[in-house]
């Protein structure tokens, strides 16, 4: 009996490992876990600690603008991004299909789509457009972004459905601990997930503003002293 159980356990374990490997097929690791090779940002704010990209701010000097660590070895077009994050205080986010606008006093300034997250309970999982249209989808929303018919230069957000209740999604996010973030962008369809729960579903039909490609970057936000960390960063082109 023990032999049969042992063989069953081996088969089950092998099957689980094979499924996990298949799930990660095609993904490229873009952080080596040792240093910031392939990334550019303010070395006074960004470093690697305990195998994780780590951004730290203090009360002095106080940031005067949001700043970013920019991935320099590629761009994001149609992709799936997977990573782990942890945050203590403050706000952060993952920029994708974005642009480096300028070099600020505290490092690169980036604008574009952002998969937001924070130490609070409001913004984690939303789609925010940094230096652009602002909040495009709140947590739990399924939306279509269109040009405003009364003013084509402006946008209009139509909430067309739900991917879940905001408070229930928030309850799955671990406080001051590691969480899993997934971002999927294919054409003008954008999706965010935290710890397996979908947080937003967006179709951006405002063609004049909907970015199709751009840089990937990690954010440090102005505000109180904070610490944000990222690890296991990998991306797959779709």
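Here, each number is a calculation from the coordinates, and none is a lab measurement. Just so it is clear, the structure is predicted and the values come from calculations on it, not from any experiment. FYI the Cβ positions are ideal-geometry reconstructions off the backbone, even for glycines, and counts take in every protein chain you see.
Computed quantities for the displayed model
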quantity: Overall dimensions of the range 147-238 by Cα: Rg and Dmax, Å; calculated: 16.0, 45
quantity: Cα-based radius of gyration of the range 70-160 once divided by 2.2 N^0.38 Å, which approximates compact folds; calculated: 1.20
quantity: Rg [Å, one decimal], Dmax [Å, integer] - the chain, C-alpha atoms; calculated: 19.2, 74
quantity: Among 43-51, 62-70, the order from most to least packed when residues are scored by Cβ within 10 Å on average; calculated: 62-70, 43-51
quantity: Exposure proxy ranking, count of Cβ atoms within 10 Å, fewest first, for 163, 175; calculated: 175, 163
quantity: Principal semi-axes in Å for the range 112-175 [√(5λ), Cα gyration tensor, largest first]; calculated: 25, 14, 6
quantity: When the convex hull of its Cα atoms is projected in every direction, mean area for the range 74-118 (nm²); calculated: 4.1
quantity: Between helix 2-23 and the chain: long-axis angle, C-alpha atoms, 0 to 90°, nearest 10; calculated: 20
quantity: Relative counts (whole %) of C-alpha pair distances in the range 43-82, using bins that are 5 Å wide; calculated: 5, 15, 22, 20, 19, 12, 6, 2
